[in-house]
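Taking it in order: structure first as structure tokens, then the write-up.
The values are calculated or read from the model by the stated rules, or taken from the named source; none is laboratory data. Keep in mind that this is a model prediction, so the values were computed, not measured. Positions of Cβ are backbone-derived with ideal geometry, glycine not excepted, and every protein chain shown enters the neighbour counts.
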Amino acid sequence: MSGEKNPYDVIVVCALGKEAKAFIDIVSQQCNVSFVNGTIKQGPAYRFTTIQNDYTEPLNVLLSCLPRYGPLETVQLMLPLLSEFRPSFVAMTGICAGDKRKVKRGDLIIAERAFMADSGKLVLDEDGQKRKYDTYTASASRDVLQFAQMYDFPQNLIGTLKSSPEEHPLPPECHIKPIASSHAVREDNPFDEVKVPVRGTVAIDMEGAAFYQAVESFPGTRSLLVKGVSDYADGDKNDDYQQYASELSALYMLSLIKAYIRSGTPLKPHVHRVKVAYTPSREGNRGIITFTLNGTEHTLVYTRYDKFSHQIITLEQGQQELVREIVPFATLKTLEKRSQFQIDRVDCLFTFKMSAIASIMSVKLEVGGVEVFRT
């Protein structure tokens, strides 16, 4: 990617497949888009789509998830993605455990910083084993945290969530606090322990510290980790809140991204699954053109009507007429007409040509530089 402009504005990373699926479901539902598969040569697979921010600008979003949870897997996934694409913003969503003295299940943790809670040195003292902490904290970007401090998460969006562990769950609170990370899943109520090196810690996960530390290697890239509290890391730990917490963190992050991130270089249009049903007749011709553009399917209708002295050529999408040309049946010199328009902010070109004397006619439609139709 050296010397090229960044094709993605945002990269989102999830630790678990269920967290990634929750993000896909939320974005698809809220933005009416679908995701397309992508891969890096000798690198991780990902999904991508284009959404619109609150300023009606397109944002190109890439999503990937770890093949296996944990801090090492987090770094191994993120480094090739960030090296290849150099996004302006990186996010992580998903689930975490919370200190039940400070938070409740279904709350959101906006991680101002993160650290490995089990780093340092273990020594033996008179009472048994004791840890000497060697704690390094990595933080979210200062400007992102400033925005998050003032950001009001639209509570009406929560009603759009399909999953809810209770009939009437309490409204979530947003806690902008430190989060601890561990190499293992904790069910031993570890919060008195993890608060020793960082006093304000209210939650624990496995990937947060590695996430923030990986982003530190890419100056200028902003980052934020947001996770939903699904349990309390104690003996009563269960999965009842995992789906809800995953979806809630995805919804918050999507809402914040749309409000905060401005568009960079537009994604190179990805056009595929092109299908054409073309029917010529004496009265004219009709073609139905179907294609997928950046994850969204579109259908256009091409029509040529033969009138007594001329032809009318139209191209329509739903009720919108994109192209209308009136052309003769014959010409003594070469005739060419071009019409430009946009579909989902992607430039499109419709070209009509008629040769001199023989008056052979041709029509071509290009979407983002990709030919999808020709007569």
When both residues are 6+ apart or on different chains and their Cβ atoms are under 6 Å apart, which pairs have a first residue that lies in the stretch 123-145 and is among the polar types (S, T, N, Q), and a second that is modelled with pLDDT of 85 or more and not in a strand (DSSP E or B)? Thr135/Pro197
Condition first: in contact with a helix residue (DSSP H, G or I) (Cβ under 8 Å, 6 or more places away or on another chain), at pLDDT 90 or above and surrounded by 13 or more Cβ atoms within 10 Å (Cβ to Cβ). Can you find one or more residues in the stretch 187-197 that meet it? no
Pairs under 7 Å by beta carbon, first residue on the phi > 0 side of the Ramachandran plot and in contact (Cβ under 8 Å) with a residue 24 or more places away in the chain in the stretch 292-312, partner crowded, with 17+ Cβ neighbours inside 10 Å and of a type in the set (Asp, Glu), six or more apart or different chains? Asn294/Asp344
For the stretch 1-22, enumerate the residues that are among the hydrophobic types (A, V, I, L, M, F, W, C) and either in contact with a Cys (Cβ under 6 Å, 6 or more places away or on another chain) or at pLDDT below 95 (or both). Met1, Cys14, Ala20
Any residue at all in the stretch 198-209 that is among the basic types (Lys, Arg), more than 26 Å from Ile24 (Cα to Cα) and assigned to a loop (DSSP other than H, G, I, E, B)? yes
Residue count, the stretch 310-337 (criterion: over 19 Å from Ala356 (Cβ atoms) and not hydrophobic (A, V, I, L, M, F, W, C)): 8
So which pairs qualify, if the first residue must be in the stretch 354-375 and on the phi > 0 side of the Ramachandran plot, the second must be acidic (Asp, Glu) and at pLDDT below 90, the Cβ gap must be under 7 Å, and the two must be at least 6 apart or on different chains? Gly368/Asp347
Looking at (1) surrounded by fewer than 17 Cβ atoms within 10 Å (Cβ to Cβ); (2) at pLDDT below 90; (3) in contact with a strand residue (DSSP E or B) (Cβ under 9 Å, 6 or more places away or on another chain), which is the one condition that is false for Val346? (1)
From the option list Leu72, Leu77, Leu62, single residue qualifying as over 29 Å from Val346 (Cα atoms), touching a residue at least 24 places away in the same chain (Cβ under 8 Å), hydrophobic (A, V, I, L, M, F, W, C) and surrounded by 22 or more Cβ atoms within 10 Å (Cβ to Cβ) is Leu77
Among the residues of the stretch 85-98, what is the count of those that are surrounded by fewer than 22 Cβ atoms within 10 Å (Cβ to Cβ) and more than 21 Å from Ser263 (Cα to Cα)? 0
With the requirement that a residue be surrounded by 24 or more Cβ atoms within 10 Å (Cβ to Cβ) and within 14 Å of the chain's Cα centre (by Cα), what does the stretch 227-260 give you? Glu247, Ser249, Ala250, Leu251, Tyr252, Met253
List the strands (runs of 3 or more DSSP E) inside the stretch 278-360, counting only whole elements, that have at least 1 residues being within 43 Å of the chain's Cα centre (by Cα) and of a type in the set (Lys, Arg). 284-293, 296-306, 320-327, 335-343, 346-354
